[in-house]
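Input: a single structure, listed below in structure tokens.
The values are calculated or read from the model by the stated rules, or taken from the named source; none is laboratory data. The structure presented is a predicted model; accordingly, all values stated were derived computationally and were not measured. Cβ placement follows ideal geometry from the backbone for every residue including glycine, while neighbour counts extend to all protein chains displayed.
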Amino acid sequence: MDAFTKLLVVKTLREEKLLNGLKIYINSVLGPQFIESPLFDLKAAYDDSLSTTPIIFVLSPGADPMSYLFELAKQQGMTDKLKILSLGQGQGEKARENIMSGRRNGDWICLQNCHLAVSWLKTLEKIQENQDESEINPLYRLWLTSMPSNKFPVPVLQSGIKLTNEPPKGLKANLSRTYNEIKEEVYISSNKPKEF
């Protein structure tokens with residue numbers, strides 16, 4: 001039997017094993033890159049962005065992108081220019097002021113929990129639509145974090161770079177992520193660098 005016929009037999013006889021069978025089938029036909037989640041690469045998203053492009057973190061339970069953002073700000077020399085505001089009741093005007101001053105000064109503005117400020121998201125949409133690239137400092141970036149929400153403005157989503165950082169599933173993915181997050185300096189600075 002070929003791989004697809006085997007998958008049909010699994011579907012017919014042991015439907016609870018179908019998901020595992022699909023992974024095996026996709027791996028054999030398309031390759032492992034379609035099964036394994038890519039590593040979270042915030043630097044690549046930053047390099048693709050412009051000062052007019054918001055970078056949107058779509059949050060998932062158990063994943064926090066803020067440590068990645070702090071690390072990127074440190075690498076880019078923007079630690080002092082990173083302004084973080086958690087949205088909620090009464091924070092809309094402050095967020096607007098941060099965006100406007102960030103555009104002038106070349107700050108990075110991070111607005112967290114956009115899903116909690118649904119009424120203010122229309123204002124965010126207008127701010128993004130009315131921006132003039134010639135008046136924006138090229139260093140300026142707008143970072144947004146939000147849980148999945150159908151109230152998020154579609155024009156902001158369409159113009160932005162969307163990222164998600166789901167927690168790893170399985171032992172292999174967990175170990176791979178752990179080892180990829182350890183910097184080489186940690187190995188070198190240990191008292192047993194050769195063993196590491």
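So which of 158, 128 is assigned by TED's automatic domain parsing to the domain that holds residue 109, surrounded by 17 or more Cβ atoms within 10 Å (Cβ to Cβ) and either outside any loop (DSSP other than H, G, I, E, B) or polar (S, T, N, Q) (or both)? Can you show your working first?
Values: 158 fails: surrounded by 17 or more Cβ atoms within 10 Å (Cβ to Cβ).
Just a single option satisfies the conditions, and that option is 128.
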| message | Against the definition (surrounded by 15 or more Cβ atoms within 10 Å (Cβ to Cβ), out of contact with any strand residue (DSSP E or B) (no Cβ under 8 Å at 6 or more places or on another chain) and either in a strand (DSSP E or B) or of a type in the set (S, T, N, Q) (or both)), how does residue 119 come out, yes or no? | response | no
| query | Hey, any hits in the stretch 123-136 for a residue that's of a type in the set (A, V, I, L, M) and farther than 13 Å from residue 99 by Cα? | reply | no
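Can you say whether residue 102 is over 12 Å from the mean Cα position of the chain (by Cα), assigned to a loop (DSSP other than H, G, I, E, B) and not aliphatic (A, V, I, L, M), as far as the supplied structure shows?
Numbers: over 12 Å from the mean Cα position of the chain (by Cα): yes; assigned to a loop (DSSP other than H, G, I, E, B): no; not aliphatic (A, V, I, L, M): yes.
So residue 102 does not fit the description; no.
So that you can scan it fast, the table gives a plain yes or no per residue for (1) hydrophobic (A, V, I, L, M, F, W, C); (2) more than 19 Å from the chain's Cα centre (by Cα); (3) surrounded by 15 or more Cβ atoms within 10 Å (Cβ to Cβ); (4) outside the structural domain of residue 84 (by TED's automatic domain parsing):
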site: 139; (1), (2), (3), (4): yes, yes, yes, no
site: 148; (1), (2), (3), (4): no, no, no, no
site: 153; (1), (2), (3), (4): no, no, yes, no
site: 172; (1), (2), (3), (4): no, yes, no, yes
site: 188; (1), (2), (3), (4): yes, yes, no, yes
| task | Can you confirm whether the stretch 45-53 contains a residue that is touching a Ser or Thr at 6+ places or on another chain (Cβ under 8 Å) and in contact (Cβ under 8 Å) with a residue 60 or more places away in the chain? | result | yes
| query | Given the structure, is residue 94 part of a helix (DSSP H, G or I), modelled with pLDDT of 90 or more, under 21 Å from the mean Cα position of the chain (by Cα) and more than 19 Å from residue 161 (Cβ to Cβ)? | reply | no
| Residues located in the stretch 77-113, provided they are among the acidic types (Asp, Glu) and in contact with a Ser or Thr (Cβ under 8 Å, 6 or more places away or on another chain) | 107
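Against the condition surrounded by 17 or more Cβ atoms within 10 Å (Cβ to Cβ), of a type in the set (Val, Ile, Thr) and in a helix (DSSP H, G or I), how does residue 56 come out, does it pass? I'd like the intermediate steps shown before the answer.
Working: surrounded by 17 or more Cβ atoms within 10 Å (Cβ to Cβ): yes; of a type in the set (Val, Ile, Thr): yes; in a helix (DSSP H, G or I): no.
Taking the combined requirement at face value, the residue does not satisfy it.
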| query | In the stretch 1-52, what count of residues is obtained for those that are in a helix (DSSP H, G or I) and farther than 24 Å from residue 171 by Cβ? | reply | 19
| request: Determine the pairs where a residue that is under 9 Å from residue 120 (Cβ atoms), located within the stretch 87-104, has a partner that is in a loop (DSSP other than H, G, I, E, B) and of a type outside the set (D, E, K, R) with Cβ atoms under 9 Å apart, the partner being 6 or more residues away or on another chain. | output: 87/113; 87/117; 91/117; 92/117; 95/87; 95/117
